[in-house]
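**Q** Following this message is one structure expressed as structure tokens.
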Amino acid sequence: MLVATAAERNKGFILEVLSKYVDKTKHYKCLELASGTGAHAAHFAKKLPNVDFQPSECSSRVLHSIVAHVDKLRLPNLRVPLYIDVTKDPSLWALPEDYAPSSIDILVCINMIHISSNAAVEGLFKAADGLLRPGSGILLTYGPYAFEGNISPESNISFHENLQQQNPEWGLRDIIALKEIAKHNNLGLEKIHEMPMNNHCLIFRRNA
């Protein structure tokens, strides 16, 4: 199992937010895109037994790490990870039969948007439109963001500049721009949760 310091540090805080949108008396299906090492899905599955977690990745290296988490925990609500390239149409993803269009309750995407191409960001919201339950399904994204063209504090400015040097399409996305992409994909930004270390959780809900 690979260890990502950021994931170990933030998984508890993100769980607190996710739990606000989970009724313990109901069953949920959650698809996580860009699951990384698998630490988030493993932690969430342990704490939310009524949520079925389907992790995914496009990196073979970290797919093996997610499998290691699954093998170690052997939880009934933590599935074997899928290979998913979010830039591809969801119809091409090898999703389980019970994860059909308009049937998923929660889509989770942690620390991906700022290190993604424009096509990947567009693909994320397109997938949310097609896969989430109309009127109730939510997309939870986590990471650092810009607000109306402003990035703060200085550490986030430096982080943004460093990312853009690596790839011009990378960098902190402005929440206004994300709201516009969401709007074109039948989603609305419902809530912004302030998080530690200058990060935020954004909750988008699929329109009815």
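The values are calculated or read from the model by the stated rules, or taken from the named source; none is laboratory data. Worth saying up front: this structure is predicted, and the values here are computed from it rather than measured. Please note: Cβ atoms are built from the backbone with ideal geometry, for glycine as well, and neighbour counts cover all protein chains shown.
**Q** Which one is surrounded by the fewest Cβ atoms within 10 Å (Cβ to Cβ), of the residues in the range 56-79 that are within 17 Å of the chain's Cα centre (by Cα) and either over 20 Å from V121 (Cβ atoms) or not small (G, A, S) (or both)?
**A** Once the filter is applied, the top-ranked residue is C58.
**Q** Can you find even one residue in the range 133-144 that is in contact (Cβ under 8 Å) with a residue 40 or more places away in the chain and over 18 Å from D105 (Cβ atoms)?
**A** Yes, the range 133-144 contains a residue that is in contact (Cβ under 8 Å) with a residue 40 or more places away in the chain and over 18 Å from D105 (Cβ atoms).
**Q** Right, something else. What are the residues in the range 129-162 that are buried (at least 16 other Cβ atoms within 10 Å of the Cβ), in a loop (DSSP other than H, G, I, E, B) and among the small types (G, A, S), if any?
**A** The one that is buried (at least 16 other Cβ atoms within 10 Å of the Cβ), in a loop (DSSP other than H, G, I, E, B) and among the small types (G, A, S): G137.
**Q** When the range 88-116 is examined, which residues are found to be aliphatic (A, V, I, L, M), under 26 Å from H200 (Cα atoms) and either at pLDDT below 95 or part of a helix (DSSP H, G or I) (or both)?
**A** First, pick out the residues of the range 88-116 that are aliphatic (A, V, I, L, M): 92, 94-95, 100, 104, 106-108, 110, 112-113, 115.
Those still in the list that are under 26 Å from H200 (Cα atoms) too: 104, 106-108, 110, 112-113, 115.
Within the range 88-116, I113, I115 qualify.
**Q** Let me ask something else. Only one of these is surrounded by fewer than 21 Cβ atoms within 10 Å (Cβ to Cβ), without any contact (Cβ under 8 Å) to a residue 40 or more places away in the chain and part of a strand (DSSP E or B): K183, K191. Name it. Working first, answer last.
**A** Values: K183 fails: part of a strand (DSSP E or B).
Only one candidate passes the filter, namely K191.
**Q** Hey, any hits in the range 94-114 for a residue that's hydroxyl-bearing (S, T, Y) and touching a residue at least 60 places away in the same chain (Cβ under 8 Å)?
**A** Within the range 94-114, the first condition is being hydroxyl-bearing (S, T, Y), and the residues that meet it are 99, 102-103.
Then drop every residue that is not touching a residue at least 60 places away in the same chain (Cβ under 8 Å), which leaves 99, 103.
Within the range 94-114, one or more residues are hydroxyl-bearing (S, T, Y) and touching a residue at least 60 places away in the same chain (Cβ under 8 Å).
**Q** What's the total number of residues in the range 117-128 that are buried (at least 16 other Cβ atoms within 10 Å of the Cβ) and outside any helix (DSSP H, G or I)?
**A** Initial filter on the range 117-128 (buried (at least 16 other Cβ atoms within 10 Å of the Cβ)): 120-128.
In the following step, the residues that additionally are outside any helix (DSSP H, G or I) were identified as none.
Here the count works out to 0.
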